[in-house]
Amino acid sequence: AQSVTQPDIHITVSEGASLELRCNYSYGATPYLFWYVQSPGQGLQLLLKYFSGDTLVQGIKGFEAEFKRSQSSFNLRKPSVHWSDAAEYFCAVGALNNDMRFGAGTRLTVKP
Amino acid sequence: SQTIHQWPATLVQPVGSPLSLECTVEGTSNPNLYWYRQAAGRGLQLLFYSIGIGQISSEVPQNLSASRPQDRQFILSSKKLLLSDSGFYLCAWSASDRNEQFFGPGTRLTVL
């Protein structure tokens, strides 16, 4: 079965600084990869997804992620963080049978 | 467009009482449906998923059960709640031929 590791439990960045959230996956075939964001007390919102093709994918809210097969990674990036980006971020890997596994999440704090 | 509803939004129940959480999806047919639990400060744990009416797969044995009485309705139940059942319960749906999941707003359950 597939699995996901998000090495950073909590990250703090200053507003306006760049952001990179790490995600490593384990899966024997080409994975379907996702990033979700969760504000406190809310459901999860899909930021972006990778199924195939261009390894750099663009998402909503100015986020992007790059799939690197050689490193089994799918890191999320944003060039300039806004205070409203403070939230919990989840990486997920899906398989052909619609089975999806989530990482433990990375909590992002944005300093003014 | 598709929407997913969950109710109630919050629930406080005594230990040993029954539970019924409801999830409904609008704007799509024959979706895959999922129940997740998110404990405080932790990631998502898949509890049940369903690919059709009356078809339920359980991921983790526990005192919870799920049912799908209609195509777009998914119910999470318990006969007797435990303290450890406290958490944030999320329902999600995906198209039967696609991998990305879309989440409801969640139900905050507190068992006292």
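Summary table
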{"read-out": "Relative contact order, percent, chain B [alpha-carbon distance under 8 Å, six or more residues apart]", "value": "36 percent"}
{"read-out": "Restricting region A:1-73 to GluC sites (Glu not before Pro) in coil, as DSSP defines it, with at most 14 other Cβ within 10 Å", "value": "A:E15"}
{"read-out": "Rg and Dmax [Cα atoms of chain B; Å; Rg one decimal, Dmax integer]", "value": "13.3, 41"}
{"read-out": "In region A:25-112, the chymotrypsin sites (Phe, Trp or Tyr not before Pro) that fall in loop regions by DSSP, at most 16 other Cβ within 10 Å", "value": "A:F51"}
{"read-out": "FRET efficiency, A:R107 to B:D97 (Cβ-Cβ, R0 45 Å, nearest 0.05)", "value": "0.85"}
{"read-out": "Pairwise Cα inverse-distance average, inverted: Kirkwood Rh of the protein assembly as shown (Å)", "value": "18.1 Å"}
{"read-out": "Label point 7 Å beyond Cα of B:E22 along Cβ direction - residues of region B:74-95 with amide nitrogen under 11 Å", "value": "B:74-75"}
{"read-out": "Nitroxide proxy distance, nm - points 7 Å out along Cα→Cβ at A:H10 and B:R108", "value": "1.9 nm"}
{"read-out": "Chain A: relative contact order as a whole-number percent, Cα under 8 Å and 6+ apart", "value": "38 percent"}
{"read-out": "Note, ³J(HN,Hα) from phi for region B:6-13, Karplus 6.51, -1.76, 1.60, rounded to Hz, x at Gly and Pro", "value": "9, 8, x, 6, 9, 8, 10, 10"}
{"read-out": "Net charge contributed by nearby residues that have their C-beta within less than 10 Å of B:L44 (K/R +1, D/E -1)", "value": "+3"}
{"read-out": "In sequence order, calculated HN-Hα J values of region B:100-112 (Karplus, 6.51, -1.76, 1.60; Hz; x Gly/Pro)", "value": "6, 10, 10, 9, x, x, x, 10, 8, 10, 10, 9, 10"}
{"read-out": "Extended-chain gain in nm, criterion 0.36 nm per residue less alpha-carbon gap, A:T55 and A:D99", "value": "13.7 nm"}
{"read-out": "Lys pairs under 23 Å by Cα in the protein assembly as shown, provided they are eight or more residues apart or on distinct chains", "value": "7"}
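Each value in this text was obtained by applying a stated rule to the coordinates, not by laboratory testing. These numbers were taken from a predicted model, which means no experiment stands behind them. No Cβ is skipped: glycine too gets one built from the backbone with ideal geometry, and neighbour counts run over all protein chains shown.
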